[in-house]
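The values are calculated or read from the model by the stated rules, or taken from the named source; none is laboratory data. The model shown is predicted, which means the values in this text are computed figures rather than measured ones. Here the Cβ positions follow ideal geometry from the backbone for every residue, glycine too, while neighbour counts run over all protein chains shown. Side chains included, ligands, DNA and RNA excluded: accessible areas come from the protein's heavy atoms. Shrake-Rupley method; radii C 1.70, N 1.55, O 1.52, S 1.80 Å.
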Amino acid sequence: MPSLTALPTAAVRFDAPGKQLSSSISGQAPVKAVGAVRVLLVDDSSAVRSALTDMLTSMASGTHFEVVGEAGTGEMGIRLAAEERPDLVILDVEMPVMGGLVALPYIRGAAPAAQVIVFSGSESREEAIQLGALAFVPKGDAAALIAAIDGCCRADSPAGMAVPAEVGSR
């Protein structure tokens, strides 16, 4: 997890997944609240993003979630991941302009410390995990999504955030 002190943020441009072309320091990152998990939501449905925000703010896990960005395309998700450096990204697969599976390696490159949960109605579990997602949760399985998020935020796991890839029913 990022330090609680303000660190410079980098404006980053990527040419290929994980391959940084250029970067520049551009000010200071926001100071993270103690215990807050910074979340980026990437889904083309504003209704889904709103429901996820409501779910995160009402979770009784004892963890405070701060939604630091919302994106309706994979392209915007990459940009926000580079700008906001979230701890957790909840990513849809099927989106206009750039889908989640295309964006996933770029998001991992832009925010390498972020854990990514793919939350989608598509049949792309294997590919999502191979591309770097920590977990794949089918849309409509709110209990599995909550379990994946709780698993990601366990302080007792070695990396501070860990969950098995096989989450939810398929």
Kindly provide the set of residues from the stretch 100-144 that are of a type outside the set (A, V, I, L, M), touching a helix residue (DSSP H, G or I) at 6+ places or on another chain (Cβ under 8 Å) and within 17 Å of residue 82 (Cα to Cα), ordered by number. 100, 106, 115, 132
Looking at the stretch 68-80, which of its residues are open to solvent by 30 Å² or more (accessible area, probe 1.4 Å) and either part of a helix (DSSP H, G or I) or at pLDDT below 95 (or both)? 75, 76, 79
